[in-house]
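Beneath this line is the structure, given in structure tokens, with notes to follow.
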Amino acid sequence: MDSAYIAKQRIVNQQLAGTKFKSPGEVVSWMGAMQAQDYAMAKWAVGVRLLDSTEQSVEQAINSGEIIRTHVMRPTWHFVSSQDVNWMLKLTAPHLRKSMIGRHKAMGLTDQLFKKTNSIIEKSLAGKKFLTRPELVSELSKNKIKPDSLQMIHIMFNAEVNGTVCNGPMRGKQFTYALLEERVPKAKSLTKNEALEELSKRYFTSHGPATAQDFKWWSGLPSAEVKTAMEMVKLNFTNEKVGGQVYWFDNSCISNPDVKPIYFLPAYDEFMISYKDRSVSLETKFFSSAITSNGIFKPMIVVDGKVVGTWSRGIKKDQLIFEPAFFRSTNKLKKKEMMAAFASYKKFHITEIKLNS
């Protein structure tokens, strides 16, 4: 096993090649969780792993509650299956709350205040009332609580982590909130160790080959819990040492992964963001071209498992305009190749595409 094999096997395990799934919920459940702060790109991250997907079908899965968008790891927005969100939050929420203690103290946000705001928010949303953040600010103001914009972001974050709220259906281009208990079906509760085992199994099955440090980064769990999870992984997965690191992977990994030569992946895609060490697919010298110093992951062009450039898009007269930027002139692809690779994106958005190469 070498870096080329690892990169290609990740493409297969992440369902970028040979996907067997037909619904957005199946994709998200397989992946465990998918980073989703860039909403448009996150929808494409689901769609690129689906057969015959469209933006409307993915958004319908979000609006119906099949997919939940909430803060569940690291912390940032993620898509999580409605079947998984409760046990996953139970596992990760204590660490998310702990990570914010200093920031909340600096903003004057106390446990007593959170108790009041959570109660008001819960009453305001009860009965499947879907409200936007500004509308919830108004509800708090009626109760003489007047947070500034940053405080409100963290008030809602606390309500999400506590399992009070999650995303509601989109209202045009506006995000709404809903009560989590009204949004998702009752599901079997897992013990802490059961949840650790399930999360680690999901990660190494869908993201492997990967290291323990990759899993720690992705999950945001503390070292002690990662160590416990890795003891469980040993029972179900194989490992191999490559370049001084131990990679874990499912026994079903194949010897010669069959992948498409070219992928145009969205910003923050799991293919790149879900690993602590990204050098398998991205040369160190090009990190700053693909990932900014403040943690913004650009949309990436992947050829044979390696990131060779980035791409951007714009809209002009109802037409999507794509502009590729290759790291090396020798990486540059032919227009015909790129348009073929863009075909699935065109179908996803049901729109015409123009390529500025």
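Brief remarks follow.
- Sole exception among (1) in contact (Cβ under 8 Å) with a residue 12 or more places away in the chain; (2) open to solvent by 30 Å² or more (accessible area, probe 1.4 Å); (3) in a helix (DSSP H, G or I) for SER189, by number: (3)
- Within the stretch 61-78, tally of residues that are assigned to a loop (DSSP other than H, G, I, E, B) and either open to solvent by 10 Å² or more (accessible area, probe 1.4 Å) or acidic (Asp, Glu) (or both): 3
- Scanning the stretch 41-60 for residues that are open to solvent by 40 Å² or more (accessible area, probe 1.4 Å), assigned to a helix (DSSP H, G or I) and not acidic (Asp, Glu) returns GLN56, SER57, GLN60.
- Any hit, the stretch 220-231, residues being free of Cβ contacts under 8 Å to residues at least 12 places away in the same chain and among the hydrophobic types (A, V, I, L, M, F, W, C): yes
- The numbered conditions (1) over 23 Å from ASP84 (Cβ atoms); (2) open to solvent by less than 20 Å² (accessible area, probe 1.4 Å); (3) part of a loop (DSSP other than H, G, I, E, B); (4) not small (Gly, Ala, Ser) are all true for ILE155 except (3).
- Test for SER344: is it polar (S, T, N, Q) and in a helix (DSSP H, G or I): yes
- Residue count, the stretch 249-295 (criterion: open to solvent by 60 Å² or more (accessible area, probe 1.4 Å) and more than 21 Å from MET31 (Cβ to Cβ)): 10
- Taken together, the residues in the stretch 325-342 that are under 23 Å from the mean Cα position of the chain (by Cα) and free of Cβ contacts under 8 Å to residues at least 40 places away in the same chain amount to 0.
Condition check ((1) among the β-branched types (Val, Ile, Thr); (2) touching a His at 6+ places or on another chain (Cβ under 9 Å)) across all residues:
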position	(1), (2)
ASP214	no, yes
ALA224	no, no
MET230	no, no
THR238	yes, no
PHE287	no, no
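- Within the stretch 302-341, the set of residues being surrounded by 14 or more Cβ atoms within 10 Å (Cβ to Cβ) and part of a helix (DSSP H, G or I) comprises ASN331, MET338, MET339, ALA340, ALA341.
- Residue list for the stretch 79-118, filter: without any contact (Cβ under 8 Å) to a residue 24 or more places away in the chain and either of a type outside the set (S, T, N, Q) or open to solvent by less than 50 Å² (accessible area, probe 1.4 Å) (or both): PRO94, LYS98, ILE101, GLY102, LYS105, ALA106, ASP111, LYS115
- Cross-chain or 6+ apart pairs with Cβ under 8 Å, the stretch 236-248 first and at pLDDT 95 or above and part of a strand (DSSP E or B), then among the basic types (Lys, Arg) and open to solvent by 60 Å² or more (accessible area, probe 1.4 Å): TYR247/LYS241
- Test result for ILE145, farther than 30 Å from VAL280 by Cα and either touching a Phe, Trp or Tyr at 6+ places or on another chain (Cβ under 6 Å) or open to solvent by 10 Å² or more (accessible area, probe 1.4 Å) (or both): yes
- Summed over the stretch 1-35, the residues that are aliphatic (A, V, I, L, M), surrounded by 24 or more Cβ atoms within 10 Å (Cβ to Cβ) and part of a loop (DSSP other than H, G, I, E, B) give a count of 1.
The rows are residues; the columns are (1) open to solvent by less than 10 Å² (accessible area, probe 1.4 Å); (2) basic (Lys, Arg); (3) in a loop (DSSP other than H, G, I, E, B).
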| position | (1), (2), (3) |
| --- | --- |
| ASN193 | no, no, no |
| TYR203 | yes, no, no |
| ASP214 | yes, no, no |
| LEU221 | yes, no, yes |
| GLU225 | no, no, no |
| GLU231 | no, no, no |
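- Boolean, ILE6 is within 19 Å of TYR177 (Cβ to Cβ) and of a type in the set (A, V, I, L, M, F, W, C): no
- Qualifying residue in the stretch 222-236 (condition: of a type in the set (D, E, K, R) and touching a Leu at 6+ places or on another chain (Cβ under 8 Å)): yes
- Where a residue in the stretch 21-42 is at pLDDT 95 or above and of a type in the set (Phe, Trp, Tyr) and its partner, wherever it lies, is in a helix (DSSP H, G or I) and open to solvent by 20 Å² or more (accessible area, probe 1.4 Å), with Cβ under 9 Å and at least six apart: TRP30/ARG202; TRP30/THR205
The values are calculated or read from the model by the stated rules, or taken from the named source; none is laboratory data. Keep in mind that what you see is a predicted model, and the values were worked out from it rather than measured. Counting neighbours? That spans all protein chains shown, and the Cβs are built from the backbone with ideal geometry, glycine included. The protein model used for the area step is the full one, side chains on, heavy atoms only, and it has no ligands, DNA or RNA in it. Shrake-Rupley method; radii C 1.70, N 1.55, O 1.52, S 1.80 Å.
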